[in-house]
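I have placed the structure first, in the form of structure tokens, so that the comments after it can refer back to it.
Here, each number is a calculation from the coordinates, and none is a lab measurement. The model shown is predicted, which means the values in this text are computed figures rather than measured ones. We place every Cβ from the backbone using ideal geometry, glycine too, and count neighbours over all the protein chains shown.
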């Protein structure tokens, strides 16, 4: 295994200000022997023009004229990567200067297929409030593609990201589980730090996220011995997001208290509050039941 060089894949679509911050953080890495592959997935906000104006040998730009989706964009980045280690960061994230160095240090054996980094939302100490979308990965627990590195041999052995799982927003989970099922090990690198930039839920994105949990019947059917290898929120191998049931049972008391707290923090969008409490919870249960029935898997 050669970890002397690294390819960094950044997929982007219509987030030019965030992309500029991301690329600036990559330019400041203490580990300098890396190339950057930016895949522009059909942006219409000036991203193409900005990327075409770059004149840096270490940055390769790939344009998709039409939006292909996260998995297809990442796979295109993999195709253009030259190094034996491929790191991924999202365009709305910035990397700590030692991010790459810490990720690469995690590859301690030939069978270590991936190293997971730690992600903070905005800063190490920031605590946001709904409807902020608090994207974080404390202690590098989950294999999130905003902060992860793979050996290139993983993709040569297992194939690339599966576009089917884009619909569940869990293409990164499936890729990591497939890697484990193929016999590769993994390490966590909590000092490989990425900061996710501010993000806010909309009613549309919140409702769309209700489908995410329904990936678990699919993954349990596909990988019965490995679907739980990263510790998903599943009790007894059956109950997905069990706290949803507690929230729903306690909703007559809980919702007024949560609404008072929401308003006390200066939030005024009552529609999005009720989109989460309780509509999101009910929709999430529906999607899990529907997928479990379709797959003939016992999951609730």
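The table below lists the values:
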read-out	value
Protection proxy ranking of 92-104, 17-29 - average other beta-carbon atoms within 10 Å, highest first	92-104, 17-29
With eigenvalues of the C-alpha gyration tensor scaled by 5 and rooted, segment 1-157, Å	22, 21, 15
Distribution of pairwise C-alpha distances over segment 201-300, 10 Å bins, in %	15, 40, 29, 13, 2
Simple label model, 7 Å out from Cα along Cβ direction - residue 269 to residue 82, nm	4.4 nm
Longest to shortest principal axis, alpha-carbon extents of segment 1-72, angstrom	36, 23, 18
Calculated over the chain: convex hull of Cα atoms, volume per residue (Å³)	135 Å³
Segment 201-300 - percent relative contact order, Cα under 8 Å, separation 6 or more	50 percent
Angle between the chain longest axis and helix 251-264 axis [Cα atoms, degrees, rounded to 10]	60 degrees
Length-normalised contact order of the chain in % [C-alpha pairs under 8 Å, at least 6 apart]	18 percent
Residue 245 paired with residue 157, simple spin-label distance in nm, labels 7 Å along Cα-to-beta-carbon	3.8 nm
Ascending count of other beta-carbon atoms within 10 Å, so fewest first, for 53, 214	53, 214
Förster-model FRET efficiency, 41 Å R0, residue 204 and residue 105, C-beta, rounded to 0.05	0.55
Least to most buried among 218, 164 (fewest other Cβ within 10 Å first)	164, 218
Tilt relative to the chain, helix 281-295 - C-alpha long axis, 0 to 90 degrees, to 10	70 degrees
Label-to-label distance, nm, for residues given as residue 132 and residue 230 (7 Å Cα→Cβ offset)	2.4 nm
Helix-only CD estimate at 222 nm, as mean residue ellipticity for the chain, using -39500 (n - 2.57) per DSSP H run (n ≥ 4)	-10500 deg cm²/dmol
Rounded tilt (10° steps) of 171-181 against the dominant C-alpha axis of the chain	70 degrees
Highest to lowest packing among 121-132, 182-193, 76-87, 220-231, scored as the average C-beta count within 10 Å	76-87, 182-193, 220-231, 121-132
259, 206 arranged by Cβ crowding within 10 Å, fewest neighbours leading	259, 206
Segment 115-272 - convex hull of the alpha-carbon atoms, volume per residue in Å³	130 Å³
